[in-house]
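Here's the structure we're looking at; comments come further down.
The values are calculated or read from the model by the stated rules, or taken from the named source; none is laboratory data. These numbers come from a predicted model, not from an experiment. Glycine also receives a Cβ, built like all others from the backbone with ideal geometry; neighbour counts cover every protein chain displayed. Each accessible area value is taken on the protein alone, full model and side chains, heavy atoms only, with ligands, DNA and RNA left out. Shrake-Rupley method; radii C 1.70, N 1.55, O 1.52, S 1.80 Å.
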Amino acid sequence: MSQNEELVIGLVSISDRASSGVYEDKGIPALQEWLACALSSPWRVETRLIADDQPTIEQTLIELVDIAKCDLVLTTGGTGPALRDVTPEATLAVADKEMPGFGEEMRRISLNFVPTAILSRQVAVIRKQTLIINLPGQPKSIKETLEGVRDAEGKVTHVGIFAAVPYCIDLIGGPYAETNEAVIKAFRPKTAIRPK
């Protein structure tokens, strides 16, 4: 992959009410704002606002991977225990490999803030050469899980999941993504770091 290749990121907000116009979607704007601060290499997004419906979610994920050729797909919403929450099932249905560490770590991070984090069912998978991650639904929780936990002085006390995302994308054949270390420091083994 060339060093200048841009990272293509699919952002999927899954909400019956937002997709039908009952209220404004906050997930996609929150993700775009965070990515704008966190990524220092070229990137662009493909956005989708869809209903909480398993066939629609599956079809959207397949389209973003197979046709739009996204390197990373981030979903928000539909990961709780409610009857309409089917994002994890749809994500697993289109997967080639499951990446359980992401979901485990998101719940561990969120438990620093709310005891109900154990009710979340986010998963992460690989489909072809794309990493798909289910994120929480709330903008505050999205930022916390991606970026990590900071103390009163702003020092990171629990690293967010995005630290592992660029290297995962490297390993599955995607472009080399770099981050703004003040927001999140991408971790790579020394042998995988490209000189600036």
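Some notes on this structure:
- Considering only GluC sites (Glu not before Pro) in DSSP loops that have at most 11 other Cβ atoms within 10 Å, the longest stretch of the chain without any of them is 25-152.
- Simple spin-label estimate for residue 83 and residue 167 in nanometres, 7 Å along Cα-Cβ: 4.4
- Note that the stretch 42-133 presents 47 Å² accessible area per residue, ligands and nucleic acids not counted, probe 1.4 Å.
- The stretch 33-77: C-alpha pair distances exceeding 16 Å, %: 44
- Remark: the stretch 152-157, residue by residue, has Karplus-estimated 3J(HN,Hα) of 4, 8, x, 7, 5, 9 Hz, where x stands for each Gly or Pro and the curve is 6.51 cos²θ - 1.76 cosθ + 1.60 at θ = phi - 60°.
- Within straight-line cross-link reach of residue 128, lysines at Cα separation under 21 Å, skipping those fewer than 8 residues along the same chain: 69, 97
- If R0 is 45 Å, the Cβ-Cβ spacing of residue 68 and residue 185 corresponds to a FRET efficiency of close to 0.95.
- Close amide H pairs (under 5 Å, H built 1.01 Å from N) link residue 7 with 43, 44, residues at least 5 positions away or on another chain.
- The chain - percent of accessible surface contributed by carbon and sulfur, probe 1.4 Å: 55
- Counting Lys and Arg as +1 and Asp and Glu as -1 over every other residue whose Cβ lies under 14 Å from the Cβ of residue 69, the net charge comes to -3.
- For residue 137, the amide hydrogen comes within under 5 Å of the amide hydrogens of 77, counting only partners 5 or more places away or on other chains and with H modelled in the peptide plane.
- Based on C-alpha pairs under 8 angstrom that are at least 6 apart in sequence, the chain has a relative contact order of 24 percent.
- Cα-derived Rg over Rh, computed across the stretch 1-113 with Rh taken as Kirkwood radius: 0.97
- Taking 0.36 nm per residue of separation and subtracting the current Cα-Cα distance, fully stretching the chain between residue 36 and residue 24 would add 2.3 nm.
- Dmax and Rg, reported as Rg then Dmax, of the chain (C-alpha, Å): 15.8, 50
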